[in-house]
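The values are calculated or read from the model by the stated rules, or taken from the named source; none is laboratory data. As the structure is a prediction and not an experimental result, all values here were calculated from the model. Here Cβ is always computed from backbone atoms with ideal geometry, including for glycine, and neighbour counts include all displayed protein chains. Note: accessible area is taken over every heavy atom of the protein model, side chains too, but ligands, DNA and RNA are not part of it. Shrake-Rupley method; radii C 1.70, N 1.55, O 1.52, S 1.80 Å.
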Amino acid sequence: MLQQAIRVLLIEDQEADYLLTRRMLSTVEGRVFDLEWARSYHAGLDAIQRRVHDVCLVDYELHDGTGLDLLKECVAIDYQSPLILLTGYSDYHIDMEAMQLGAADFLVKDHLTPSLLERAIRYAIEQSRTMHELRRQGEELRASELRFRSVVQSANDAIVLADDQGKIIFWNHGAERIFGYSEDEVLNAPLEVLMPPHYREAHRLGLQRLRSTGKAKLIGRTLEMEGLRKDGSEFPLELSLATWITAEGTFFTGILRDISDRRRADDLRRAKEEAEQATRAKSQFVAGISHELRTPLHAIIGFTSILLQNKSGNLNQRDTDLLQRVLINARDQLGLIDSILDLSKVEAGKLEMQTAVVRIDQIVHEIVEQFEVNLAGSAVKIHARMPVRIEPIQTDAARLKQVVINLVENALKFTEQGMVSIEVVVNPSNSKPIRIDVTDTGIGIPARQLKRIFEPFHRLERVQEGTPGGTGLGLSISRSICEMLGYDLTVKSEPGRGSTFSIVVDREANRLPIPA
Ligand code: ADP
C-alpha cells in the first residue's frame with residue numbers, strides 16, 4: 001500500500017547535519033519522508049507559519065536564535081504540529097524547559113539513529129493527534145454542556161438532578177420558579193425538602209433499594225404526586241424520573257411539572273359534567289311529570305268548558321261561578337307547568353331557536369292589539385312608540401314575542417293606573433334596532449331586589465300579599481331566552497314611579513349615547 005509521505009521541516013544551520021538527517025530518514029524502511037530544510041531561525045519561522053508540516057525538527061543552537069525561542073514563537077502563534085528539539089549535547093535544564101514549552105521530544109544529535117529518529121517522529125505525530133482529539137472532544141463537551149444548560153434553563157418545568165444519596169446537584173430556573181428556592185439554597189440539600197412529609201419514608205427506602213439492588217420502581221415512569229414549596233404550601237405535580245450512570249455513581253434527573261391549573265380545570269370540568277348530568281336528569285323528570293300533569297289538566301279544562309256552556313240548564317249561578325274558578329285555576333296550573341317545562345329546557349340547553357328575518361314593529365303591533373282588547377275600560381293604557389323605519393333583524397320571532405309578552409304582562413300586573421309602553425329604540429344612522437323597552441308607571445322594584453328578580457321562583461314578598469299570582473319564573477326564562485338570542489335583558493326601576501325592562505338587541509350600539 002502506498003504510504004503517504006510524512007512532511008518534515010528541519011530547522012538547522014549546519015548543512016552536514018541536514019545531510020545526515022536526510023540520509024537517516026531515507027534509510028527508514030516502510031516510511032516515506034518529505035523533508036524541507038530551513039537554514040536559519042528566520043527561514044524556519046517563515047516555514048512554520050505556512051503550517052504545512054506534520055512534524056518539525058529544530059536545532060537548539062542556530063546562529064540567529066535558539067530552538068527554545070522558536071518554541072515560544074510556536075506557542076504564541078498556536079502552532080499545532082509537534083516540535084522535536086535537537087541538540088549537540090544532553091542538557092537536563094534545556095530538556096525540561098523544552099518540555100514545559102510543549103516540545104514533543106528532546107534528542108541529542110550524537111545519539112541519533114535512523115530508527116530512533118523515526119520512532120521519535122512517529123510518537124510525536126501520534127501524541128499530537130491524540131492531543132488534538134482530546135482538545136476537540138473537550139470543546140465538544142463544553143458546547144454540549146452549554147446546549148444542555150440553555151435547554152434546561154429555558155424549560156418551564158422544574159429540572160432537578162440528584163446523586164445517589166438523593167442530594168440535589170443541579171437546579172434550573174423552572175425549579176426556582178415552581179418551588180421558590182434559589183439554586184444556592186437547595187444545592188446539596190436532600191430531595192426530601194421538595195416533598196410533603198408523608199412521601200419521605202418511601203423516598204428514603206426507594207433510594208436504599210436502588211443503591212443495593214440497582215432497581216428503582218419509578219424510573220422511566222410519569223407519576224402524579226404532591227410537591228412542597230419553600231413557603232410550606234403543597235401543590236400537585238407530575239414527575240418523570242430518569243437515571244444515568246457514570247464512573248462516579250448513579251444520578252437522577254427529575255422533570256417536575258406544576259399541574260395545579262390542569263387539576264383545577266379537571267375538577268371544574270368534572271363538576272360541570274356532573275351538574276349537566278344532574279340538569280339533564282332533572283329535565284327528563286320535569287318533562288315526564290309535566291306530561292303526566294298536562295293530560296288530566298286538559299281533560300279538566302275541556303270538561304269544565306263543556307259544563308260551563310250549561311246546555312241542560314241545570315246549573316245555577318253559584319255552580320257556574322265555581323266552575324269558572326276551576327277553569328281559571330286549571331289554566332293557571334297549565335301555565336305554570338309550561339313555564340317549568342320551558343325553564344328545564346333552557347337549563348338543559350334544549351330550547352331550540354328558529355331564526356328568520358323578523359320585523360319587530362309587526363311583533364309590537366300584534367302584542368299591543370292583543371292586550372288592548374282586555375284593557376278596555378281599565379285605568380291602565382298600553383301603547384307603542386316606534387320610529388317610522390325599523391330595519392328587520394334575524395331572530396326567533398316566537399321567542400322574542402314570548403319575552404315581550406312576559407314583560408308586558410308583568411308591567412300590567414304591577415301597575416294599577418297609568419301607562420305601559422313598548423318602545424323600539426333604533427340607531428338613527430342606519431335604523432337598526434338597539435333596544436326594546438317595556439316601561440310601566442307601576443309600583444316599581446327596590447334597588448336591592450333588582451338582581452334577584454331574575455332568579456327562578458323569586459317573587460317580591462310585598463307583591464305576594466295582595467297582587468295577582470305568578471310563578472316567579474317569567475323573568476328567569478326571559479333572560480335565558482334573551483341570552484340564547486344574543487341579547488341582554490336589563491332593568492331600571494324606581495319604587496313608586498315604575499320600571500323599565502330593556503331587551504338589548506345591539507350591545508355595542510347601546511353602550512354609545514344615542515343621538516336625539
Ligand atoms: P312572576 O311575575 O310570575 O312572579 P317574574 O319572574 O316574571 O315572575 O317576576 C319576578 C318578580 O319580579 C315578580 O314577582 C315581581 O315581584 C317583580 N317584577 C317583575 N316585573 C315587575 C314590574 N314591571 N314591576 C314591579 N315588579 C316587577
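Points worth noting:
- Cut-off of 10 Å, at most 15 other beta carbons, DSSP loop: longest stretch of the chain lacking such chymotrypsin sites (Phe, Trp or Tyr not before Pro): 90-456
- 195, 386, 96, reordered so the largest accessible area comes first (probe 1.4 Å): 96, 386, 195
- Here each label is just a point 7 Å from Cα along the line to Cβ, and for residue 268 and residue 221 those points are 3.1 nm apart.
- Calculated FRET efficiency for the pair residue 331/residue 389, C-beta based, R₀ 51 Å, to 0.05: 0.85
- Placing one equal scatterer on every Cα of the chain and applying the Debye formula, the log10 ratio I(q)/I(0) at q = 0.09, 0.10, 0.13 Å⁻¹ is -0.89, -0.96, -1.12.
- Listed pairs 381/492; 272/350; 311/413; 350/492; 167/230; 272/413 exceeding 26 Å between Cα atoms: 311/413; 350/492; 272/413
- Here the accessible area is traced with a 1.4 Å probe on the protein chains. For segment 176-229, carbon and sulfur cover 52 percent of it.
- Cross-link reach is defined here as a Cα-Cα straight distance under 27 Å, omitting same-chain residues fewer than 8 places apart; for residue 72 the lysines meeting it are 109.
- Evaluating 6.51 cos²θ - 1.76 cosθ + 1.60 at θ = phi - 60° for every residue in segment 88-98, the Karplus couplings come out as x, 9, 8, 9, 4, 5, 4, 3, 4, 5, 4 Hz, glycine and proline recorded as x.
- Mean projected area (nm²) of the alpha-carbon convex hull when segment 77-197 is viewed from all directions: 12.6
- Counting protein heavy atoms only, segment 275-410 has 54 percent of its accessible area on carbon and sulfur, 1.4 angstrom probe.
- 0 to 90° range, to nearest 10: angle between helix 317-347 axis and the chain longest Cα axis: 10
- Reciprocal mean inverse distance between Cα atoms of segment 189-341 - Kirkwood radius, Å: 22.6
- Sorting 203, 132 on solvent-accessible area from highest to lowest, probe radius 1.4 Å, gives 132, 203.
- In terms of its alpha-carbon gyration tensor, segment 287-377 comes out oblate; a/c meets the 1.5 threshold, while b/c is at least as large as a/b.
- Rounded, prolate or oblate (a/c below 1.5 giving rounded, otherwise prolate when a/b exceeds b/c) for segment 1-72 by Cα gyration tensor: oblate
- For the chain, accessible area per residue (1.4 Å probe, heavy atoms of protein chains only), Å²: 59
- Distance between the modelled labels on residue 29 and residue 484, one decimal in nanometres: 10.5 nm (7 Å Cα→Cβ projection).
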